[in-house]
Amino acid sequence: MKITYSWIKELVDIRATPQMLAEKLSMAGLSVAAFSPIGDDWLYDIEVTSNRPDWLSARGIAREVAAITDAKFKPAFFAETKKKSRLLQKKAPHKQGALFDLSLEDKSGCLLYCAGLVSNVVVGDSPDWLKKKLQSVGLRPVNNVVDTTNYLMLEYGQPLHAFNFDKIQNGKVFIRRAQPTEELVLLDGSCKKLSEDILVIADTQRPLAAAGIMGGQDSEIHHDTVNILLESAYFDPGLVRRGVRFLGAASDSSYRFERGVDIQQVEAALIRACGMLRDMCQGRIDAIRTTGRFSGKNVKKASKRISFSLKKATDVLGVNITRPQARRILEKLGFAVTLRGKDMFDILAPSFRRDVAISEDIMEEIARVYGYDKIPTTQVSIKPCCALVPKERVMKIRLEKLLVHAGFKEVMTYSLTGRQDYQKTFFEIPPDILTLQNPLSQDNSMLRTTLLPGLLACLAFNINHGNKNLEIFEVARIFRDGREIMTLGFGISGARRASWRGEMSPYSLFDIKGVLEMIADEFEIAGFIVEENRDYKVFEPGMGFWLKAEDKLIACFGQVSEDVKKALDIQTREDLFVAEVSVEALAAVATFKKVFKAYALTPAIVRDLSLIVPRRVTFKKISDLIFSIAGEHVYDVEMVECYQGKEIPQSSTGITISIEYRCLDKTLTEAQINPVHARVIESLRTEFSVGSR
Amino acid sequence: MSFDSTLIVEEFQKELALCCDRQTLENLRVKYFGRKGILQEYMSRIPGLPAEERKTYGGSVNTLKLNMTVFFQEKEKALQSKAQAAAFVDVTLPGKKVLLGRHHPISQVQREICEIFQNLGFKIFDGPEIETEYNNFQALNIPLDHPSCDAFDTFYIAGQANPKLLLRSHTSPSQIRALKEHKPPLAVLAPGRVYRPDAVDASHSFMFHQVEGFTVGTAIRFSDLKGVLADFARQMFGEKTKTRFRPSFFPFTEPSAEVDVSCMICCGKGCSVCKKSGWLEILGCGMIHPHVFKSVGYDVDLWRGFAFGMGVERIAMLKYGINDIRMFFENDIRFLEQF
C-alpha cells in the first residue's frame, strides 16, 4: 500500500516528521518497505499483512496513526450519514424510466449491496488535485469516473465499480451465482468461463461483472457514457478468493474483498462517490438503493464479545500495564471496552477489525501500541526434554564430517528432478515416483529417487567451468517406496592435487572404493562384499559395482560411462567416478561404539613377494590363501604394486605384495618365519600356478 | 699382525679430498667406517690373533680410527659451510596445496544457528519434507480459504488425496509433529529443507532451508522470547548486535513479531544492504497461537510457548556478502572452497 505523508496529514493531526512517522509506522506493525521523497512530499510503501485489510486505505492508516501517536483522527469531513443519503435522493428530481431494481439472490455471498444511479454525466479529465493525488501514489489518471472509484478505494479501502447503466437491460440488477454455461469477457479482454462458485452482477440477460473481482468489458465506462450505476458492496471474502483462483484474474478490488472490507464504510463510500460524480461530471443523483442482510443494520452489535484478562496478558508479555493504560490503548484503536470485576474486560471489536477474535489478539493490540521495544528481555528457563538424537541424524553428521576430512566438498543439489535428468544418466524412472501436481517446469517436476543425476550435473558444471579436479558429496533425502531415505552420494574426477613438484595422481576406481572402505572402517562393517552391478547403465560396462554387507545392498559405485559423459556434455577425457550409499542400510549394519583394540608392540618381519599371476586370480584369493596357510603368524597382506609390461605374459599380471609376519605378544625370529614363508610361496604356486619373479 | 696405518690414512685423505658433496662423503664413510667397511674388517681380525697381540693391535686400529674420524669431521664441516654458503631455496615458490574438504556454507550456517540454540537446551527434531496438507496449514491456523495462505505457495504431490500430501513450505509443521510425539515442557529445534513454487532468480529459490525453534512450558513469556533471540543475535552476528522487535502477523503465533538486527555491514549507520535503514530483517516469531495447542490436544489454559523461524540462505547471504541465492545450488568449487 502506497501512501503519502500529506495524505495521512489530511486525515490526522501529525506532529511527527516524515522520518519519525516512518519509524513509528514500522514499530506499530505497518512495515515501511520503502520511504522516499517525491516533490515536497514523502511516499511510504507499506507492507500490509493479510490480517489488516483496514490498512489498505488512507483512512485506516490515519486511524492507526492517530492511535499510535496519540493524535486526533479528524472527524469525517464529508457527510456520510443516512440523513445525507436521504437528502441527496430528495434533491434528485425523480425521473421515471431511469430507475433500477436490485435483486440479491445469494444473501450469504453478499452481505450488503449498495448502488447509486448518477445520470447525465460528462466523462472527461479529472480535476488537477485528484490527478495529482493518484499520481503521488503511482496510479495513472484515466477519467473522472474511474479516478473517482480509484481514489475512494484508496481513501476508504472500499472498492467501487461503475457500470454503464445503459448496458443494463431494463435496469434490473441481479446479484447471483453464475451458471456453468455462462461466459464473461472481463475488462482486461480475457473471456472466462464461469461456474456456480462465481458470484456475478447480472441483468436479465447475462452476467455483467464477476462480483468483487473484475467488471465486464461490455458495461465498461467510455468517454461517451452518460448514465452510470455505481456499486459498493460487501462480498464474502472466501467466495471472492475462490473466484479469483477459478478465473485466474485478480485486481486491487479482489485483493481487498478477499481480506474483508469494512462493512460500515460500504454505504458511506458510495454516497461520497455519488457526490463526487455529481460535482465533477455535472451528473445528477437519481437514486441510491441498498439491499442485503446488513442493510440498515448497526454492525457493532453483531460482533463477538471477547472476554479478556489483563493479568494474564501482562503475565504472558512480561510487562506491567495498568488497567487505565490498557483501556486507553484499546479505545483509541476503536474497541468498545467494558470493565468486569477487577481484572476482566469485555471487548467488542470495531467493524474494520475482523481479525480480532480471541483474547490473544487483544494482547497483541495492547503490546503493539504499548511498544514491543518497551517489553524487557528476560532469561528463559528451558527444561530440555529427553528426546534422543535420531540415529539417522547421527549418521548424517558423522558421514559429513568423514567426507570433509577426506577432502570432499559438500554440495547441495535440488530434490526436484525431471525426466531429462534420468534419461541423460540412463536411470530408469521408477513407476511409483512421486510427481508434483503444480510443478514450475518439467525439469523440476518429480521427487528424486537417486542422488547420482544431481551429483553428475554438478560434476559436469564444474568440469565445464574449468574446475577439473573434484571431490564432492551430498547427504540428503531421496524419495522412494513412499519414504524419505537419507542417502549419501559422492563423486570424484581428475587427479589428486598435482602441484609444481609434479606429483600427479589421477583418480581411479580404487579411489572411490577407498572412500567406501574408509566408511566401512569408520562404522566397523566387516565382511562386506563387492559384486558387479549390471543394472545401472550410468556405469561403464564392467565398471559398476554393488557393495553388500550382511546380505543388504549398502552402496553402488563405479566409473561413469562414456555415454553419460556425452549425454551430459562433460568436456573431459578424464574418468569420473561416483557412488551412492543408503545411510539407512548403512545404519542397519553399522557399529557406533568404538572399542580400543590392542596393536602390536613387537617387531614385524616383512617379506615382499613379486609374482606373475593369471588374470582371473584376484587379490582377495591370494590374500585369503596366505592367511589360511600362514595362520596366526600373518598380520597383514598389502598390495605394493600391480603392473603389466613386456616381461609379463599377456594373460597375466605382475604384482608385488608385502606380507607382514607378526605376533602380538612375542618377537618372531627369522628361523620361525622362513619355513612359513616358504609354504606360502609353494601354495601360491600349486594353487594358482603363480610364478615368482 | 700389523698394518701400515700411514698408507691407509694417505689413501683415505686422497679420497677425502675428492669428495665434493654429501653423497660422495657418505659413500666414503660407508667404505671406511661402515658395518662392512675397511676399519671393521681390521677389527674383525682381533678374535683370530694370539691373546698377547690383541691389545696392541686393537689399540692401533682405534688410534687409526680416531685420526681418520678427525679428518672426516673436518671435511664434513668444510663441505657443510660450503653448502651453506651456496644454499638457495626459492621460498617464494608456492607450498603444495593441501587437499581440504569443506562443508557447504548453508550447512555451516545451519549448524552454527543450531549450536547456539542447542547450548540453550533446545533439542533437534527432524520432520519429513513430504507433509500432510493438514500439518502444513490447518493445524497451524492457516485456513486454505484465507489470504494468509498466499504467503505459503506450495507444491502438491500429484495423485494423493487422503490425506493430501505436499512438500512442506515451511518448517513449522515440525511443531505439530514434535508436540504430538513428545510431552511438554520441551524446547525443540527443527532445521530442514522447504519448498515453494517461486521462479528461480537472484533472491528466490524453489528449495531453501529454514530453522524452526519453539519451546512450551507453563510460564513462558514474550519477554523470554525477546531475551532468547537477542542472545542468539549477539552470538550469531557479534557482541554489539542490537535487535528490534516489530509487530507482525503469522497465523500460528499471537502476538507475532518480526525481528530485525542492526546491520552488520554498516553497524546500523545505513548502507545499500540494509536499504539505508540500519536494520536487517532476519526472522519471524511470536507466542504460539492457542489454535496450534488445540490442534495437538494441549490444554491452552495450562501450556504456552514461543516459536521462531528463520531462513538459512538469507542469513548466510548476509553473513558472507553473497548476493545471489542461486550460487548455493550451483555448487561451483571456487564458491564452495571459500567458506
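The values are calculated or read from the model by the stated rules, or taken from the named source; none is laboratory data. Predicted model, so just to flag it, every value in this text is computed and none were measured. As a convention, Cβ positions derive from the backbone with ideal geometry for all residues, glycine included, and neighbour counts pool all protein chains shown. The protein model used for the area step is the full one, side chains on, heavy atoms only, and it has no ligands, DNA or RNA in it. Shrake-Rupley method; radii C 1.70, N 1.55, O 1.52, S 1.80 Å.
Criterion first (of a type outside the set (D, E, K, R), over 34 Å from the mean Cα position of the chain (by Cα), at pLDDT 90 or above and surrounded by fewer than 19 Cβ atoms within 10 Å (Cβ to Cβ)) does A:Ser307 satisfy it?
yes
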Subject >> Matching entry among B:Glu337, B:Glu281 (being open to solvent by 50 Å² or more (accessible area, probe 1.4 Å), in contact with an Asp or Glu (Cβ under 6 Å, 6 or more places away or on another chain) and modelled with pLDDT under 95) >> reply: B:Glu281
Subject >> Inter-residue pairs, beta-carbon under 7 Å, first more than 26 Å from A:Asp147 (Cα to Cα) and in region A:98-125, second open to solvent by 30 Å² or more (accessible area, probe 1.4 Å) and acidic (Asp, Glu), 6+ apart >> reply: A:Ser108/A:Asp236; A:Gly109/A:Asp236
Original post:
Which fully enclosed helices (runs of 4 or more DSSP H) of region A:309-385 have 2 or more residues being within 14 Å of another protein chain (Cβ to nearest Cβ) and under 28 Å from A:Leu111 (Cα atoms)?
Top reply: A:359-370
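For residues that are assigned to a loop (DSSP other than H, G, I, E, B) and open to solvent by 50 Å² or more (accessible area, probe 1.4 Å), scanning just region A:387-418, find the one that is modelled with the lowest pLDDT.
Step by step, filter region A:387-418, then rank; the result is A:Leu388.
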Original post:
helices (runs of 4 or more DSSP H) wholly in region A:419-531 with at least 3 residues that are closer than 19 Å to A:Lys401 by Cα and either open to solvent by 50 Å² or more (accessible area, probe 1.4 Å) or of a type in the set (Phe, Trp, Tyr) (or both) - which ones?
Top reply: A:509-522
**OP:** Hey, could you check region A:579-597 for residues that are touching a Leu at 6+ places or on another chain (Cβ under 7 Å) and of a type in the set (A, V, I, L, M) and say which is surrounded by the fewest Cβ atoms within 10 Å (Cβ to Cβ)?
**Re:** A:Ala585
Original post:
Taking region B:207-233 on its own, how many of its residues are open to solvent by 20 Å² or more (accessible area, probe 1.4 Å) and either within 11 Å of chain A (Cβ to nearest Cβ) or among the small types (Gly, Ala, Ser) (or both)?
Top reply: 5
Original post:
Pick from region B:27-43 the residues that are part of a helix (DSSP H, G or I) and open to solvent by less than 70 Å² (accessible area, probe 1.4 Å): which of them is farthest from B:Val9 (Cα to Cα)?
Top reply: B:Met43
**OP:** Give, as residue ranges, the strands (runs of 3 or more DSSP E) completely inside region A:598-693 that count at least 2 residues that are under 60 Å from the mean Cα position of the chain (by Cα), without any contact (Cβ under 8 Å) to a residue 40 or more places away in the chain and surrounded by 11 or more Cβ atoms within 10 Å (Cβ to Cβ).
**Re:** A:634-643
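Please pick out the residue among B:Arg304, B:Arg314 that is surrounded by 17 or more Cβ atoms within 10 Å (Cβ to Cβ), among the basic types (Lys, Arg) and either on the phi > 0 side of the Ramachandran plot or under 26 Å from the mean Cα position of the chain (by Cα) (or both). Show your work before the answer.
Numbers: B:Arg304 fails: either on the phi > 0 side of the Ramachandran plot or under 26 Å from the mean Cα position of the chain (by Cα) (or both).
Result: B:Arg314 is the single residue among B:Arg304, B:Arg314 that is surrounded by 17 or more Cβ atoms within 10 Å (Cβ to Cβ), among the basic types (Lys, Arg) and either on the phi > 0 side of the Ramachandran plot or under 26 Å from the mean Cα position of the chain (by Cα) (or both).
Considering only region A:535-566, state which residues are small (Gly, Ala, Ser), in contact with a Lys or Arg (Cβ under 8 Å, 6 or more places away or on another chain) and assigned to a strand (DSSP E or B).
So the first thing to find is which residues in region A:535-566 are small (Gly, Ala, Ser), and the list is A:542, A:544, A:549, A:555, A:558, A:561.
Imposing the further condition that a residue be in contact with a Lys or Arg (Cβ under 8 Å, 6 or more places away or on another chain) reduces the set to A:544, A:561.
Across region A:535-566, the qualifying residue is only A:Gly544.
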Original post:
For residues in region B:204-220 being of a type in the set (Val, Ile, Thr) and over 26 Å from the mean Cα position of the chain (by Cα), which is nearest to B:Ser107 (Cα to Cα)?
Top reply: B:Thr215
**OP:** Within region A:15-47, track down each residue that is part of a loop (DSSP other than H, G, I, E, B), surrounded by fewer than 19 Cβ atoms within 10 Å (Cβ to Cβ) and not small (Gly, Ala, Ser).
**Re:** A:Arg15, A:Thr17, A:Asp40
**OP:** Residue by residue through region B:319-336, note down the ones that are over 19 Å from the mean Cα position of the chain (by Cα), aliphatic (A, V, I, L, M) and facing chain A (nearest Cβ under 10 Å).
**Re:** none
Subject >> Unmet requirement for B:Asp126, which otherwise passes all of (1) more than 7 Å from every other protein chain (Cβ to nearest Cβ); (2) among the charged types (D, E, K, R); (3) under 19 Å from B:Met310 (Cα atoms) >> reply: (1)
Subject >> Lone qualifier among A:Gly138, A:Gly124 - being surrounded by fewer than 19 Cβ atoms within 10 Å (Cβ to Cβ) and in contact with a His (Cβ under 8 Å, 6 or more places away or on another chain) >> reply: A:Gly124
Original post:
If we keep just the residues of region A:332-350 that are open to solvent by 20 Å² or more (accessible area, probe 1.4 Å) and in contact (Cβ under 8 Å) with a residue 40 or more places away in the chain, which is farthest from A:Ile306 (Cα to Cα)?
Top reply: A:Lys332
**OP:** Would you check if B:Gly238 is buried (at least 21 other Cβ atoms within 10 Å of the Cβ), small (Gly, Ala, Ser) and more than 9 Å from chain A (Cβ to nearest Cβ)?
**Re:** no
**OP:** Could you tell me which numbered condition A:Gln158 fails, if it satisfies all but one of (1) under 35 Å from the mean Cα position of the chain (by Cα); (2) open to solvent by 30 Å² or more (accessible area, probe 1.4 Å)?
**Re:** (2)
Subject >> Every residue from region A:247-257 that is open to solvent by 20 Å² or more (accessible area, probe 1.4 Å) and part of a helix (DSSP H, G or I) >> reply: A:Asp252, A:Ser253, A:Tyr255
Subject >> region B:156-198, residues that are surrounded by fewer than 24 Cβ atoms within 10 Å (Cβ to Cβ), more than 8 Å from chain A (Cβ to nearest Cβ), closer than 25 Å to A:Thr413 by Cβ and of a type in the set (Lys, Arg) >> reply: B:Arg196
Original post:
Taking region A:532-562 as the region of interest, how many residues are surrounded by 15 or more Cβ atoms within 10 Å (Cβ to Cβ) and out of contact with any strand residue (DSSP E or B) (no Cβ under 7 Å at 6 or more places or on another chain)?
Top reply: 2
Original post:
With A:Val244, A:Val226 as the choices, which residue is assigned to a helix (DSSP H, G or I) and among the β-branched types (Val, Ile, Thr)?
Top reply: A:Val244
Original post:
Taking B:Gly59 and the conditions (1) more than 30 Å from A:Glu474 (Cα to Cα); (2) without any contact (Cβ under 8 Å) to a residue 60 or more places away in the chain; (3) open to solvent by less than 50 Å² (accessible area, probe 1.4 Å); (4) in contact with a helix residue (DSSP H, G or I) (Cβ under 7 Å, 6 or more places away or on another chain), which numbered condition does it fall short on, given that it satisfies the others?
Top reply: (4)
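Residues that are farther than 30 Å from A:Leu25 by Cβ, surrounded by fewer than 21 Cβ atoms within 10 Å (Cβ to Cβ) and of a type in the set (Gly, Ala, Ser): does region A:353-374 have at least one?
No, every residue in region A:353-374 fails to be farther than 30 Å from A:Leu25 by Cβ, surrounded by fewer than 21 Cβ atoms within 10 Å (Cβ to Cβ) and of a type in the set (Gly, Ala, Ser).
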Original post:
Would a scan of region A:420-434 turn up a residue that is out of contact with any Phe, Trp or Tyr (no Cβ under 7 Å at 6 or more places or on another chain) and within 11 Å of chain B (Cβ to nearest Cβ)?
Top reply: yes
